[in-house]
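**Q** The structure's right below; bear with me while I get my questions together.
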Amino acid sequence: MRSPYYPSDLTDAQWALVGPHIPSAKFGGRPRTTDLRAVLDAIIDLLRTGCQWRQLPNDFPHWPTVHGCFRGWRMSGVWPLLHRALYPRARLAAGRKPDPTVVIMDGQSVKTAGQGGVRGFDGHKRVNGRKRHALVDILGLPIANRVEPANMSDRRAGGRLLAGLAPLWPTIRTVIADAGHDSRKLTRQLRGGGWTLKIVKRRQRAFKVVGLTWIVGRSLAWPGFNRRLSNDYERYVQTSETLLDIAAIHLMLNRVSPE
């Protein structure tokens, strides 16, 4: 096992939280020789530094191995599982109950590079790229994210973001959003899951809810501390969403077990 060397490497306490959720080797075949802790360190290093897969430092496992684990864990649902396991711990560490009752959603348009893939032009923000839609709690901890072309309306993207979440988060009762998400269709969709949509219009932001409307904006800014997420450099939106999940996982690990 390689010794921790980079600032982004997981500590022993953090690995103890993550390790049990990493899939074990499949039955049969050669014994596993790859250090999975080093693989996870490599993925986080790529996220933090913004390097390309082929330019990972040599003291990590070979980049095809790291990328293969990243892709395999995405397809098998390991990253959402890690997120769901760490989320209640992060809330408890902040003195809150494990599950939220009030959540906030909003979106942020970011530029894309020349790698191809879906994109659109956000005429309001004057950005040609994609839009990251996030659902967070009042602590700013990410609950879910979705990446869509920047020209998709907040109403439509919000419906996609929230679809299917009600059974996974039964304690949520209120979803707060800005006027861009005001929609009868979205309201009916949320009411079917027992949720209430509360729209905060610009003129109301001088009232008490001002303490909640900026929280999701701050959460949308946090991924920018990871150079890989400063813009959207990925060809596929699924890869972008996975990197946002990993950024949230790393954030919660630092909340639960500070470095």
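The values are calculated or read from the model by the stated rules, or taken from the named source; none is laboratory data. All figures in this text were calculated on a predicted structure; none of them were measured in a lab. Don't worry about glycine lacking a Cβ; one is built from the backbone with ideal geometry, like all the others, and counts go over all protein chains shown. In case anyone asks, the SASA skips ligands and DNA or RNA and just uses the protein heavy atoms, side chains included. Shrake-Rupley method; radii C 1.70, N 1.55, O 1.52, S 1.80 Å.
**Q** Just to be sure before I move on: is Ala113 touching a Leu at 6+ places or on another chain (Cβ under 6 Å), small (Gly, Ala, Ser) and over 16 Å from Ala221 (Cβ atoms) in the structure I sent? Lay out the reasoning, then the answer.
**A** Working: touching a Leu at 6+ places or on another chain (Cβ under 6 Å): no; small (Gly, Ala, Ser): yes; over 16 Å from Ala221 (Cβ atoms): yes.
So Ala113 fails the test.
**Q** Considering only region 100-111, state which residues are open to solvent by 20 Å² or more (accessible area, probe 1.4 Å) and more than 10 Å from Ala150 (Cα to Cα).
**A** Thr101, Val102, Asp106, listed by residue number.
**Q** Quickly run through region 166-194 and pick out the residues that are open to solvent by less than 40 Å² (accessible area, probe 1.4 Å) and charged (D, E, K, R).
**A** Asp178
**Q** Then there's this: Which residue pairs have Cβ atoms under 6 Å apart, sit 6 or more places apart or on different chains, and have a first residue in region 72-91 that is open to solvent by 20 Å² or more (accessible area, probe 1.4 Å) and a second that is not in a helix (DSSP H, G or I)?
**A** Pairs found: Pro88/Pro98.
**Q** Let me ask another. Just checking, which of Asp35, Asp41 is surrounded by fewer than 18 Cβ atoms within 10 Å (Cβ to Cβ), of a type in the set (D, E, K, R) and under 26 Å from Tyr5 (Cα atoms)?
**A** Details: Asp41 fails: surrounded by fewer than 18 Cβ atoms within 10 Å (Cβ to Cβ).
Result: Asp35 is the single residue among Asp35, Asp41 that is surrounded by fewer than 18 Cβ atoms within 10 Å (Cβ to Cβ), of a type in the set (D, E, K, R) and under 26 Å from Tyr5 (Cα atoms).
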